[in-house]
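To keep things clear, I will list the structure first and then write my remarks on it.
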Amino acid sequence: MNEPSAGAPAVEELGYEQARDDLVEVVRRLEAGGLSLDESLRLWERGEALAKTCERLLAGARERIDQALGVTEEDVAGT
């Protein structure tokens with residue numbers, strides 16, 4: 001369940017920095033305790049979705065870097 005809070009964008013629509021910051025907040029709230037089981041589960045599920053979003057965005061960034069480095073290495077090798 002990765003439903004956004006009222007007015008918040010869906011997890012899939014977040015950029016890396018916002019997803020990371022939201023994940024930090026989810027962890028902070030879970031570690032603080034005092035939540036109902038339902039609220040804890042809802043936060044856990046959102047945290048899982050946020051972590052997957054961060055992983056996906058980082059993988060995309062790695063791919064872009066690898067592509068850029070591949071082009072650069074080919075350019076250098078060709079000269």
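Taking residue 45, is it among the charged types (D, E, K, R), in a helix (DSSP H, G or I) and surrounded by 10 or more Cβ atoms within 10 Å (Cβ to Cβ)? When the stated conditions are applied, residue 45 passes them. Taking each residue of region 24-41 that is under 22 Å from residue 52 (Cβ atoms) and looking for partners that are part of a helix (DSSP H, G or I) and of a type in the set (S, T, N, Q) with beta-carbon atoms closer than 8 Å, six or more apart or interchain, yields 30/40. The numbered conditions (1) modelled with pLDDT of 95 or more; (2) in a helix (DSSP H, G or I) are all true for residue 71 except (1). Being modelled with pLDDT of 95 or more, open to solvent by 50 Å² or more (accessible area, probe 1.4 Å) and of a type in the set (Gly, Ala, Ser) is a property that holds for residue 36.
The values are calculated or read from the model by the stated rules, or taken from the named source; none is laboratory data. Keep in mind it's a predicted model, so treat the numbers as computed, not measured. Cβ atoms come from the backbone with ideal geometry, glycine included; neighbour counts cover every protein chain shown. Side chains are part of the model used for accessible areas, which takes the heavy atoms of the whole protein and leaves out ligands, DNA and RNA. Shrake-Rupley method; radii C 1.70, N 1.55, O 1.52, S 1.80 Å.
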